[in-house]
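Everything below concerns the one structure shown next.
The values are calculated or read from the model by the stated rules, or taken from the named source; none is laboratory data. Predicted model only: the values in this text are computed from it and were never measured. Backbone-built Cβ (ideal geometry, glycine too); neighbour counts: all protein chains shown. In case anyone asks, the SASA skips ligands and DNA or RNA and just uses the protein heavy atoms, side chains included. Shrake-Rupley method; radii C 1.70, N 1.55, O 1.52, S 1.80 Å.
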Amino acid sequence: MSRFLTKILQPYVAGEQPKQEDNFIKLNTNESPYPPAKGVQEAVCEKISSLQLYCDYHNTELTNVFAEYYNISTNHVIFGNGSDEILAFCYLAFGKNGVCFPNISYGFYPVFAQLFEQEIEQIPLQSDFTIDIKQYFHKKKTIIIANPNAPTGISLTATEIEQILIHNPDNVVIIDEAYVDFGAESVVFLTEQYDNLIVSGTFSKSRNLAGARLGFAIAHADLISDLNQIKHSYNPYNINSLTQMAGIASLKDDDYFKKCTSNIIMIREDFISKLEALNFHILPSKANFIFTKSNDMKGKILYEQLREKSILVRHFDKENLSDFLRITIGTAEQMEALLQAIQEILEEYNA
Ligand SMILES: *Cc1c(COP(=O)(O)O)cnc(C)c1O
């Protein structure tokens, strides 16, 4: 810290990003194990020859393709440099009366509140890690809920989310759908009816583009206009032209998108049943990760021993969570290698 710093923060701690040459099986940051859609490379390469020009700050072509894909009007969407940036825009635009979210959820939610000096109310999850929707009724604050939630993977139904909207007519409700494509119900359709709903999403997980940094929000045109005010006061060129092209190409290959997401779901279900056979407790997941604990071994020890075998999963040191591991669903081969490693570790531990 220099002697000039006027704002002392506790930043977000992301999962470890090892050097490529270390050859880890990387199941710790919920990335896709698959490469981007085929058209992405060509579209991006083609755009390189015009990188001397600023990008289109209206994201015109991306917006058109996206709006058609989601069957919405073009003034109902805004893009962000990752959905993290979308969340930052939302805090800046709507967070002044405070923000409210579950006490176990995405680690960035309290970090933004700290950065923007906004009050937070954290609502505890139930003992089974589910969200009790009634506790979110009549808040006079901006509500943020990840659906499915992270790191639990547990989801709410659209009907439950609609109940939260009905009981909060005068404040903004943000549903963070970063993982929705892996089996949960999206509430994008409710944005037509509720002018206080923002659905945020990302190309990072289900569209295999984490490195491109592309997120979005879908909402009533007035909310989108508010978010655009923030964007144009901060960084109009937030989506670089290569990423715009990558996003378009990804949306155009729907077969690949469906293939990748359905593969992950299939591998997840298979992995869960095999892990259960090794005496693990697993929360019901609709995401591309599972949250699980061994009934035999402490989470931290298992995490460390897996790391020694070059497999990275995520462990949180927070109480209530420290027995658990969050494991990203990778390829079938990666999950087999993980199961094998867990089996070896358990055998040695029990001996
Ligand atoms: C990964 C994630 C995001 C943000 O991802 P970006 O890469 O910034 O788009 C947002 N919310 C949750 C719950 C996430 O897990």
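Selection among ASN238, ALA184, VAL77 by position relative to the dipole of the chain gives ASN238 as farthest towards the positive end (Cβ unit charges, Cα centre).
Rounded to the nearest 20 debye, the dipole magnitude of the chain is 680 debye, with +1 charges on Lys and Arg beta carbons, -1 on Asp and Glu beta carbons, and the Cα centre as origin. Cut-off under 23 Å on the C-alpha distance; same-chain residues fewer than 8 positions from LYS38 excluded. Which lysines are left, in chain and number order? Of all the lysines, those that pass the test against LYS38 - Cα under 23 Å, at least 8 places apart if same chain - are LYS26, LYS47, LYS205, LYS252, LYS258, LYS259. Quick one: Cα centre-to-centre distance for segment 259-292 and segment 1-58, in angstrom? When both Cα centres are located, 26 Å separates them. Compactness of segment 1-152 was expressed as the Cα radius of gyration divided by 2.2 N^0.38 Å, which yields 1.32.
A 1.4 Å probe run over the chain, with the rest of the protein chains in place, finds 48 Å² accessible per residue. For the chain, the longest principal axis of the alpha carbon atoms and the long axis of helix 299-308 meet at an angle near 90°. Could you tell me how many degrees, from 0 to 90 and to the nearest 10, lie between the Cα long axis of helix 83-94 and the main elongation axis, the longest principal axis, of the Cα atoms of the chain? Compared with the principal axis, the helix lies near 50 degrees. Under the convention that each Lys and Arg Cβ holds +1 and each Asp and Glu Cβ holds -1, the size of the dipole of segment 283-351 around its Cα centre is about 400 debye.
Given 20 °C and 1.002 mPa s, how large is the Stokes-Einstein diffusion coefficient of the chain in µm²/s, with Rh as the Kirkwood radius over Cα pairs? D, rounded to a whole number, is 101 µm²/s. Over all pairs of different C-alpha atoms in segment 119-168, the reciprocal of the mean inverse distance, the Kirkwood hydrodynamic radius, equals 11.5 Å. Here segment 170-239 and segment 145-167 have alpha carbon centers that stand 15 Å from each other. If the segment from LEU51 to GLU333 were pulled out straight at 0.36 nm per residue, it would be longer than the present Cα-Cα gap by 97.7 nm. Rounded to the nearest 10 degrees, the inclination of helix 332-350 to the longest alpha-carbon principal axis of the chain is 40 degrees.
Take every DSSP beta bridge whose two residues both sit in the chain; close to 55 percent of them are antiparallel. Surface composition of segment 1-43: carbon and sulfur make up 53 percent of the accessible area, probe 1.4 Å. Of the accessible area of segment 140-219, computed with a 1.4 Å probe over protein heavy atoms only, carbon and sulfur atoms account for 49 percent. Each principal axis of the Cα atoms in segment 163-281 has its own extent, and those three values, largest first, are 52, 41, 24 angstrom.
Dividing the summed helix terms, -39500 (n - 2.57) for each DSSP H run of n ≥ 4, by the number of residues in the chain produces a 222 nm estimate of -11500 deg cm²/dmol to the nearest 500. Along the axis of the charge dipole computed for segment 22-112 (Cβ charges of +1 for Lys and Arg, -1 for Asp and Glu, origin at the Cα centre), the listed residues LEU62, LEU27, PHE94 are led at the positive end by PHE94.
Under the convention that each Lys and Arg Cβ holds +1 and each Asp and Glu Cβ holds -1, the size of the dipole of segment 188-247 around its Cα centre is about 420 debye.
When the charge dipole of the chain is built from unit charges on Cβ atoms (+1 for Lys and Arg, -1 for Asp and Glu) and taken about the Cα centre, the candidate among LEU165, GLN52, GLN305 whose Cα reaches farthest toward its positive end is GLN52. Between GLN229 and ALA351, the FRET efficiency from the beta-carbon distance, with R0 = 51 Å, is close to 0.20.
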